[in-house]
Amino acid sequence: MNAIITAMDLETRILIVDDDPGIRSLISSFLDRHGYRSDTAADPIEMRQKLGTAHYDLIVLDVMMPREDGLSALRALQRDEGPPVIMLSAVGTDIDRIVGLELGAEDYLAKPCNPRELLARIRTVLRRSARQADGEAGREPDPGGIRRFAGWRIDLTARSLHDPDDAPIILSDGEFQLLRAFVEHPRRVLTRDQLLDYARGQDSEHYDRAIDVQISRLRRKLDDGASGLELIRTVRNEGYIFSPKVSRTP
């Protein structure tokens, strides 16, 4: 049975970045047959050239490439607020998936992958991006975007965190989203699945270790060495709880 091609598909433009011309051609042809507009790039340098001349709704990005790898390219894309990214890699270990997701990739597939599975992942990411865009367009600005806890201050609108001495603390996007989930649901046990849903959306693939790693990093950044407070507590066999009282500043 042929897939239904929508008007949205025909307007969606995808960039495939891979140093293997055979893979580029295979994925591009498959996506074109399913109604998407696709372009290809052999490396991150060509990717940036393409991004400078056209708008793309999604990038399929290989990890292992000569000169500049895909993870380095992903960091730059996140810094420049580029389009959503699905990573492809011949190395498909959990650690590699975790690193890619922590750096901001929307999804991660091991190579070789079934083109139909890639297509399904692309559609999921595009639907999620469309919902987020619709929500942001219709959302009223939050006048009370600042939360305080144990002397700390997080500004949910400015996406900034300051410690009790008012020094800025740099968080990755994943760490910020995780802390936001905690301060918006304080003093209650949150399972790993709940944290994934709150921090990354309900369509995210569940990687429990990714949450554990990010919580470990977040704990280190929240440790001021003086208060002795355990802000994020582990609840055995259940999840995590954000223990301090959280107040909202108008």
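The values are calculated or read from the model by the stated rules, or taken from the named source; none is laboratory data. A quick note: this is a predicted structure, and the numbers were derived from the prediction, not measured. Cβ coordinates were reconstructed from backbone atoms using ideal geometry, including for glycine residues, and neighbour counts include every protein chain displayed.
The table below gives the values:
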read-out: Some residue of the range 74-87 being part of a helix (DSSP H, G or I), over 24 Å from ILE211 (Cβ atoms) and touching a helix residue (DSSP H, G or I) at 6+ places or on another chain (Cβ under 9 Å); value: yes
read-out: Residue match in the range 45-66 (condition: modelled with pLDDT of 90 or more, crowded, with 22+ Cβ neighbours inside 10 Å, over 18 Å from ASP107 (Cα atoms) and out of contact with any Pro (no Cβ under 9 Å at 6 or more places or on another chain)); value: yes
read-out: Hits in the range 234-250 - residues which are surrounded by 11 or more Cβ atoms within 10 Å (Cβ to Cβ) and free of Cβ contacts under 8 Å to residues at least 40 places away in the same chain; value: THR234
read-out: Residue tally, condition in a loop (DSSP other than H, G, I, E, B), touching a residue at least 24 places away in the same chain (Cβ under 8 Å) and not charged (D, E, K, R), over the range 88-118; value: 6
read-out: Inter-residue pairs, beta-carbon under 7 Å, first in contact (Cβ under 8 Å) with a residue 60 or more places away in the chain and in the range 15-44, second small (Gly, Ala, Ser) and surrounded by fewer than 20 Cβ atoms within 10 Å (Cβ to Cβ), 6+ apart; value: HIS34/ALA3
read-out: Condition broken by THR93, with the remaining ones in (1) among the hydroxyl-bearing types (Ser, Thr, Tyr); (2) over 28 Å from LEU15 (Cβ atoms); (3) modelled with pLDDT under 75 satisfied; value: (2)
read-out: Lone unmet requirement of (1) out of contact with any Lys or Arg (no Cβ under 6 Å at 6 or more places or on another chain); (2) at pLDDT 85 or above for ASP107; value: (1)
read-out: Qualifying residue in the range 20-32 (condition: surrounded by 12 or more Cβ atoms within 10 Å (Cβ to Cβ), modelled with pLDDT under 95, acidic (Asp, Glu) and within 22 Å of GLU117 (Cβ to Cβ)); value: yes
